[in-house]
1. Just checking, which of 163, 230 is more than 16 Å from the chain's Cα centre (by Cα), modelled with pLDDT of 95 or more and either surrounded by 24 or more Cβ atoms within 10 Å (Cβ to Cβ) or of a type in the set (Lys, Arg) (or both)?
2. Are any residues in the range 55-74 in contact with a Leu (Cβ under 7 Å, 6 or more places away or on another chain) and either more than 16 Å from the ligand (Cβ to nearest atom) or in a helix (DSSP H, G or I) (or both), and if so, which ones?
3. Checking the condition of a type in the set (Lys, Arg) and either within 26 Å of residue 16 (Cα to Cα) or in contact with a Cys (Cβ under 8 Å, 6 or more places away or on another chain) (or both), which residue from 163, 156 passes?
4. Scan the range 260-282 for residues that are in contact (Cβ under 8 Å) with a residue 60 or more places away in the chain, among the hydrophobic types (A, V, I, L, M, F, W, C) and buried (at least 22 other Cβ atoms within 10 Å of the Cβ) and jot them down.
5. Checking the condition within 14 Å of the ligand (Cβ to nearest atom) and of a type in the set (Asp, Glu), which residue from 206, 273 passes?
6. Before we move on, is residue 236 within 16 Å of the ligand (Cβ to nearest atom) and either at pLDDT 95 or above or of a type outside the set (Ser, Thr, Tyr) (or both)?
7. Run down 365, 313 and say which single residue is surrounded by 15 or more Cβ atoms within 10 Å (Cβ to Cβ) and among the basic types (Lys, Arg).
8. Are any of the residues in the range 282-290 within 15 Å of the ligand (Cβ to nearest atom), in a helix (DSSP H, G or I) and under 17 Å from residue 212 (Cβ atoms)?
Amino acid sequence: MQYYMPTKIVFGQGVIESGFDLFKQYGKKALIVTGRNSSKKNGSLEDIIKALDKNKITYSVFDEVESNPSVETVQRGGGLAIKEKADFIIGVGGGSPLDAAKVIALLTKNKANDENFFQTEWKEDPLPMIAVPTTAGTGSEVTPYAILTNPGIESKSSIVSEKIFPAVAFLDASYTQTLLREITLNTALDALSHSVEGFLSTRASDFTNLTALESIRILGEIFPFFLESKDIPFQMREKLLYASLLGGMVIAQTGTTALHAMGYSLTYFKNIDHGRANGLLMAEYLDFLKSRKVNQVDLALKTFGVATIQDFKLFFDHLLGVKEKITEKESLYYAKITLKTRNMNFTLKTMGEKELSEIYLNSLK
Ligand SMILES: [Zn+2]
């Protein structure tokens, strides 16, 4: 077994203020990478700027990261980091800004052509990167992955390198308090997906299973809240952020599986949010594994707090509301794309076009 996770985790309310001096060991000039709005609304950007000011660190802000970021965006950010002579990068926001920040850090030291971007060998160490997640789901703050849109394969592609583990992750659930219920739910579905897929991965180990099951257990406590209440209390948001962190630690070792790969097509072609895409397909994917005698599915369900796969399906039907639709032709096309992803190697049972297409159709009918 191997386990590598070099990120310093600082978790709790007010951690950027109390841990402000952690920034100073990374240099005198920072580039803050974020989306257009959320980090301004939720107070995270302000807290980071105060911490930088206290350390007399100057900074520039690159706030152009869109959902499912493109190669063009990270190239622009990389250019800015070089021009501004940044010593380190701070990624703040959901998965998209964090992943973009990782690639921008790489691009400050490595050249990559747009045409064969995803084949780039990232030989040089990137600038250090500090991650401040403001959603609870991606786990990107503790993973060696950055996921970008890849029109070349009509899907998303991951950059995988141990060099892009963030140096520090500051996790403060206060920043997730302004999130709408829908985004909170979608990101929680992503966290659940990470832990469930990591638990059902060919690369799972005793240690990742321990972490995955704890994450699934906590999420099982939180999910009923989405059915009952519109406001998610702070205490629950803190637990959710913790469960998401655990999910990130799991996939940092195991990677994700067919479920994430299938979800990428729903995001690429139908513009369905990443977490929701996984959530829409999860019950049928688990049912498939169960039908192939993967006994761990029962333990995952029990840990989540449901007795049977039918109960899980019913619960998810309530949770997801009206589902998006898909045609048979689309399902076959997406299945072909899914089969080409490296995620398929980590899936416990062999899946072909037929199995994948059936999961799509049964999930989105
Ligand atoms: Zn994900």
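The values are calculated or read from the model by the stated rules, or taken from the named source; none is laboratory data. If you're wondering where the values come from, they're calculated on a predicted model, not measured in any experiment. Because the Cβ atoms are built from the backbone with ideal geometry, glycine has one as well, and the counts that use them run over all protein chains shown.
1. Result: 163 is the single residue among 163, 230 that is more than 16 Å from the chain's Cα centre (by Cα), modelled with pLDDT of 95 or more and either surrounded by 24 or more Cβ atoms within 10 Å (Cβ to Cβ) or of a type in the set (Lys, Arg) (or both).
2. 59, 60, 62, 70, 71, 74
3. 163
4. Hits for the range 260-282 are 261, 262, 266, 280, 281, 282.
5. Criteria check complete, one pass: 273.
6. No: the conditions fail for residue 236.
7. Exactly one residue qualifies, and that residue is 313.
8. Within the range 282-290 (the criterion being within 15 Å of the ligand (Cβ to nearest atom), in a helix (DSSP H, G or I) and under 17 Å from residue 212 (Cβ atoms)), the answer is yes, since at least one residue qualifies.
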